Amino acid sequence: MIVEVRNVWKFYGKLIANENISMYINEGEIVSLLGPNGAGKTTLVKQIYGELIPDKGEIKVFSKKATDRKVKKLMGVVPQDTEPFGDLTVWDNIYYIGRIKGLSRIQAIKNTEELIERLDLIDEKKKFVRDLSGGLKRRTLIAMALVNNPKLLILDEPTTGLDPEARREVWDLLISLKKEGRSMLLTTHYLDEAERLADRIYLINRKVILEGTPSSLKEKFSTWYEVIDYSSGKILRVKGEEELKKVIMSIQGKFEVKLPSLEEIYLEVIKDVT
Ligand SMILES: Nc1ncnc2c1ncn2[C@@H]1O[C@H](COP(=O)(O)OP(=O)(O)OP(=O)(O)O)[C@@H](O)[C@H]1O
């Protein structure tokens, strides 16, 4: 197990941000934390990368305390709402983070060059970050998080504010990083992102509300079916298999039966707990 969170509580004064949270990440897994605004996702993530310390409970990363310096060398973090240094070039941002993380000069240069190429930043490498678009800044941040070749990558809303094409580029990159056996923790507001990338999802709202693979959550919580009647163009929502049979029998032409999307399930579940 790469990350193990056991019965973690975190308070801000009287506010309970995390209530008795337990979760884990296995080697090579992408785990996604989903939840509404203020659900405590960033608070939990910050404890996993050692910026905050739990008030109760325990977090182990690579079997060590999250604040251990050795652990920090094994992980890469893309925090929420951060930007690379605007007054440095893309190349310098990546290189200097490499040096700060303890790479030798030669190793930092090598890794920086490789990442510039891999993240398609060749044309931008000498540009100042302050002159880049949001998508390119985000790619630079991801390169900075990868410079020490981390086994665990933590990304707090990596695609928020990006246009659809830039989001897809980040997704493709994350999929290719997963293929290399890296583990990832990803917080997101985008259900389609979690559905597409995550092996497992934790839905949290102060505490863990649901946990499972995207398909198991769909199966477990979809008590309705969507029937698309192509001849009339109507989309019907049908509860239970008996009702489904009846509806199908009544349709004359072509039709399609679908389970609801993760987004619809999320909205139903969140409605019940808020
Ligand atoms: N430093 C802080 N001091 C006091 N309260 C805080 C602090 N940081 C977060 N909070 C509060 O703790 C709760 C959880 O916040 P957190 O940022 O962890 O949620 P989140 O799920 O990441 O939200 P979002 O999706 O909006 O980023 C919120 O009510 C927030 O206002």
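The values are calculated or read from the model by the stated rules, or taken from the named source; none is laboratory data. Fair warning: this is a prediction, and the values are worked out from it, not measured in the lab. Glycine also receives a Cβ, built like all others from the backbone with ideal geometry; neighbour counts cover every protein chain displayed.
One table, with the values for the structure above:
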quantity: Residue in the stretch 29-46 that is farther than 25 Å from Leu174 by Cα, β-branched (Val, Ile, Thr) and outside any strand (DSSP E or B) present; calculated: no
quantity: Test set (1) within 16 Å of the ligand (Cβ to nearest atom); (2) more than 21 Å from Ala145 (Cα to Cα) - Thr188 fails condition number; calculated: (2)
quantity: Subset of the stretch 191-208 [at pLDDT 90 or above and of a type in the set (A, V, I, L, M, F, W, C)]; calculated: Leu197, Ala198, Ile201, Leu203, Ile204, Val208
quantity: Filter result (within 13 Å of the ligand (Cβ to nearest atom) and either touching a His at 6+ places or on another chain (Cβ under 7 Å) or in contact (Cβ under 8 Å) with a residue 12 or more places away in the chain (or both)) within the stretch 13-36; calculated: Ile16, Ala17, Asn18, Glu19, Ile21, Ser32, Leu33, Leu34, Gly35, Pro36
quantity: Every residue from the stretch 37-63 that is away from the ligand (no atom under 11 Å from the Cβ) and surrounded by 15 or more Cβ atoms within 10 Å (Cβ to Cβ); calculated: Ile48, Tyr49, Gly50, Pro54, Gly57, Ile59, Lys60, Val61, Phe62
quantity: Qualifying position, being assigned by TED's automatic domain parsing to the domain that holds Ala66, closer than 26 Å to Leu267 by Cα, surrounded by fewer than 17 Cβ atoms within 10 Å (Cβ to Cβ) and of a type in the set (Lys, Arg), among Arg168, Arg200, Arg130; calculated: Arg168
quantity: Inter-residue pairs, beta-carbon under 6 Å, first within 14 Å of Ile16 (Cα to Cα) and in the stretch 42-58, second small (Gly, Ala, Ser), 6+ apart; calculated: Thr43/Ala17
quantity: Qualifying residues in the stretch 64-100 (those that are surrounded by fewer than 16 Cβ atoms within 10 Å (Cβ to Cβ) and among the polar types (S, T, N, Q)) - the one nearest to the chain's Cα centre (by Cα); calculated: Gln80
quantity: Residue check, Thr82 part of a loop (DSSP other than H, G, I, E, B), out of contact with any Cys (no Cβ under 8 Å at 6 or more places or on another chain), more than 16 Å from the ligand (Cβ to nearest atom) and of a type in the set (Ser, Thr, Tyr); calculated: no
quantity: Single match in Val238, Val269, Val247 (criterion: of a type outside the set (Gly, Ala, Ser), at pLDDT 80 or above, outside the structural domain of Val31 (by TED's automatic domain parsing) and within 30 Å of Tyr202 (Cα to Cα)); calculated: Val238
quantity: Residues of the stretch 113-128 that turn out to be within 24 Å of the chain's Cα centre (by Cα) and closer than 14 Å to Asp92 by Cβ, as a count; calculated: 3
quantity: Meets criteria (surrounded by fewer than 22 Cβ atoms within 10 Å (Cβ to Cβ), in the same structural domain as Thr82 (by TED's automatic domain parsing) and free of Cβ contacts under 8 Å to residues at least 24 places away in the same chain) for Asp163; calculated: no
quantity: Top-ranked residue of the stretch 150-181 - restricted to ones that are out of contact with any Leu (no Cβ under 9 Å at 6 or more places or on another chain) and over 16 Å from Gly134 (Cα atoms), ranked as nearest to the ligand (Cβ to nearest atom); calculated: Asp172
quantity: Close pairs (6 angstrom Cβ cut-off, 6 or more residues apart or separate chains): closer than 21 Å to Lys179 by Cα and of a type in the set (Ser, Thr, Tyr) in the stretch 193-214, away from the ligand (no atom under 13 Å from the Cβ) and modelled with pLDDT of 95 or more anywhere; calculated: Thr213/Arg200
quantity: Top-ranked residue of the stretch 117-149 - restricted to ones that are touching a Lys or Arg at 6+ places or on another chain (Cβ under 9 Å), within 18 Å of Glu180 (Cα to Cα) and of a type in the set (A, V, I, L, M, F, W, C), ranked as modelled with the lowest pLDDT; calculated: Leu119
quantity: Which numbered condition Thr67 misses (of (1) at pLDDT below 95; (2) over 19 Å from Ser183 (Cα atoms); (3) not in a helix (DSSP H, G or I)); calculated: (2)
